[in-house]
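Here's the structure we're looking at; comments come further down.
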Amino acid sequence: MGRQRNNWNNNRWGDRGNEYSWQGTDYRRNYGWVKKMVVSSIIFAIVYITHISETTLGKMVDEGLHYTLSTQTDFNYVVEQIVSHAPATIDLSVLKKVQTAVSRPADPLLYMSKPVPGKIISPFGWRVHPVSKQEMMHEGVDIEAALGTNIRATAAGKVKTVTESVQYGKTLILEHSKDIDTLYGHLGEILVSPGDVISQGQVIAKVGRTGMVSGPMLYFELREQGKAIDPMTRLKGDFPTVEGK
C-alpha cells in the first residue's frame, strides 16, 4: 500500500511533473507602449507650459517651433543627427517611417530659401561694376544686409570650398548635388569648414564687406552644371529692390 501511494505521488508531482510545465511560465505583459505615451505626454506638457509661460524660454521655444514649421528644413539631416546621438534603448522606428514619408525631393532647386533678408541692389545680368567701373557679366545677385547678419544655407548640401579672392573676398561654396552649387561672397566670419554636411536654413556665415565692395552685402550665385543661372528664378519668397518693387 505504501509503495502504491509513493508511485501515485510521483506520477502527480514528481517524475511526470513536466506535464504541468505551465505552472512556471512567466506571462509578463508588454507595457512599452504605455511608457512611450507617458514620455510623449510629458514632452508635450513641457512644451505647452513653456509656450504659455510668456518667459524668455517660452519665446525661444515659440521661435524654434515657428522656424521648424515655416522653413523647409532638410528633414533627412535632422533625423540622421537624432539617430546618431540617441541612446540605443530608444525605439526610433516611427521617426524613420516619418523620414521616409516626408523626405525632400532630390533636386534642391525645387525648394531653395532666401540666404538673408534684404534688398537686391544688383541683379543678375550685365552691369557696370560699382567699384571697377567696368562693364561685366554679374553672374549672381548682391543682397544688401547689415554687417554681421546671419547667412543661411538655401538648401541642404556639403561645404565644397572655403576660399578668398580679390573680387568676392571671403567666399564659401556649397555643393547640393553633382550638378548644383551655390556661392556666397563678401563674407565676414565663416562658421563652417570644408566637408561639413549642411542642412537647409543652417547659419553658415556672417555678412561682411570683404573683396571689391562698397558696403556690407552678400553676393549669392547659383550654378547648374557649371553654368550660372539667375538665382531669383529659384529662390522662394520676395525680395525688395532698391526701387521698392
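A short reminder: the numbers here are calculations on the coordinates, not readings from a lab. Being a predicted model, the structure only gives us computed values, none of them experimental. Every residue, glycine as well, gets a Cβ built from its backbone with ideal geometry; the counts of neighbours run over all protein chains shown.
Of LYS158/LYS236; LYS119/LYS206; LYS114/LYS206; LYS170/LYS206; LYS133/LYS206; LYS178/LYS236, which pairs sit farther than 18 Å apart, going by alpha carbon to alpha carbon?
LYS158/LYS236; LYS133/LYS206; LYS178/LYS236
Rank these for me by crowding, MET232, MET37, going from fewest to most other beta carbons within 10 Å.
MET37, MET232
Amide H of ASP230: which non-local residues (sequence gap of 5 or more, or other chain) have their own amide H closer than 5 Å, using H built in the peptide plane?
none
Taking H placed 1.01 Å from N in the peptide plane, check which residues at least 5 places from LYS114 or on another chain put their amide H under 5 Å from its amide H.
Residues meeting the amide H criterion: LYS236.
Taking 30 Å as R0, compute the FRET efficiency from the Cβ-Cβ separation of SER165 and ASP230 and round it to 0.05.
According to the calculation, E is roughly 0.85.
Would you kindly derive the ³J(HN,Hα) couplings of segment 165-175 from the backbone phi angles with the Karplus curve 6.51 cos²θ - 1.76 cosθ + 1.60 (θ = phi - 60°), listing them in order in whole Hz, with x for Gly and Pro?
Calculated HN-Hα couplings, in order: 9, 5, 6, 9, x, 5, 10, 10, 10, 9, 9 Hz.
Placing +1 at every Lys and Arg Cβ and -1 at every Asp and Glu Cβ, with all other atoms neutral, what dipole size does segment 110-233 have around its Cα centre, in debye to the nearest 20?
180 debye
Over segment 110-233, calculate the relative contact order: mean separation of alpha carbon pairs under 8 Å at least 6 apart, over the residue count, as a percent.
The value is 28 percent.
Could you derive backbone 3J(HN,Hα) for segment 180-196 from the dihedral phi with the Karplus parameters 6.51, -1.76 and 1.60 (θ = phi - 60°), listing whole Hz in sequence and x where the residue is Gly or Pro?
Result, ordered by residue: 10, 10, 10, 10, 10, x, 6, 7, x, 7, 9, 9, 10, 10, x, x, 5 Hz.
Out of residues 5 or more away from ILE198 or on other chains, whose amide H comes under 5 Å of its own, with H placed 1.01 Å from N in the peptide plane?
GLY157, LYS158, VAL159
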